[in-house]
Amino acid sequence: MAYHAAYEFGGDVTSLPAGDVWLETINETPPQERHLAVHDQHLIALNHADDAAWAAGSWNAITQTTLTGTADDIGRRVTEFADQGITEIIYQPTGPDIAGELEAFHAAARNATNAAA
């Protein structure tokens, strides 16, 4: 999503890991269709440009730029956020099982906040 948002809002996509590969792939699409290519599979799966960036190493930034991991990882990070005074998290589930993702995140976050109380 970082690539999509940076592109959409005029940011420097090339500052992201493998962003140059992502941008080159997007720019292969004719300009009149490019917006559709950028958002193809948005928050569902990787599109053609996302796949190219992933293969070029964008996956290296996942743990630094997202709240991703095991339930214990999520719980620990949510607890760290709470300890810093953060009281709200915006969560965007992705993939083919949105309900399952929501339930898993809720359980991990609830366990973290219950442990902190």
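The values are calculated or read from the model by the stated rules, or taken from the named source; none is laboratory data. Note that this is a predicted model, so its numbers are computed, not measured. For neighbour counting, all protein chains shown are included, and Cβ atoms are generated from backbone atoms with ideal geometry for every residue, glycine included. Note: accessible area is taken over every heavy atom of the protein model, side chains too, but ligands, DNA and RNA are not part of it. Shrake-Rupley method; radii C 1.70, N 1.55, O 1.52, S 1.80 Å.
Along the Cα→Cβ direction, 7 angstrom out, place labels at ALA55 and THR70. What is the inter-label distance in nm?
Using points 7 Å along Cα→Cβ, the separation is 3.2 nm.
Translational diffusion coefficient, Stokes-Einstein: compute it for the chain using the Kirkwood radius over C-alpha pairs as Rh, at 20 °C and 1.002 mPa s, and state it as an integer in µm² s⁻¹. Let's see the in-between values first.
On the way: Rh = 15.8 Å.
Reported coefficient: 136 µm²/s.
Carbon-plus-sulfur fraction of the accessible area of the chain, 1.4 Å probe, in percent? Numbers along the way, then the final one.
On the way: 4290 of 7700 Å².
Carbon and sulfur together cover 56 percent of it.
Bin by bin, in steps of 5 Å, what percent of the Cα pairs in segment 51-117 do you find, going until the bin that has the longest distance?
Using 5 Å bins, I get a P(r) of 3, 16, 23, 24, 16, 11, 5, 2, 0 for segment 51-117.
Counting only heavy atoms of the protein chains, get the accessible area per residue of the chain (1.4 Å probe) and round it to a whole Å² value. Mind showing how you got there, number by number?
Numbers: 7700 Å² over 117 residues.
Result: 66 Å² per residue.
Quick check for me: using +1 on Lys/Arg Cβ and -1 on Asp/Glu Cβ, what's the dipole size of the chain about its Cα centre, in debye to the nearest 20?
Working: 4 positive and 17 negative charges, 64 e Å.
Rounded to the nearest 20 debye, it is 300 debye.
Obtain the nm distance between the two label points defined at ALA5 and ASP20 by a simple spin-label model: each point lies 7 Å from its Cα along the Cα-to-C-beta direction.
Rounded to a tenth, the inter-label distance reads 2.5 nm.
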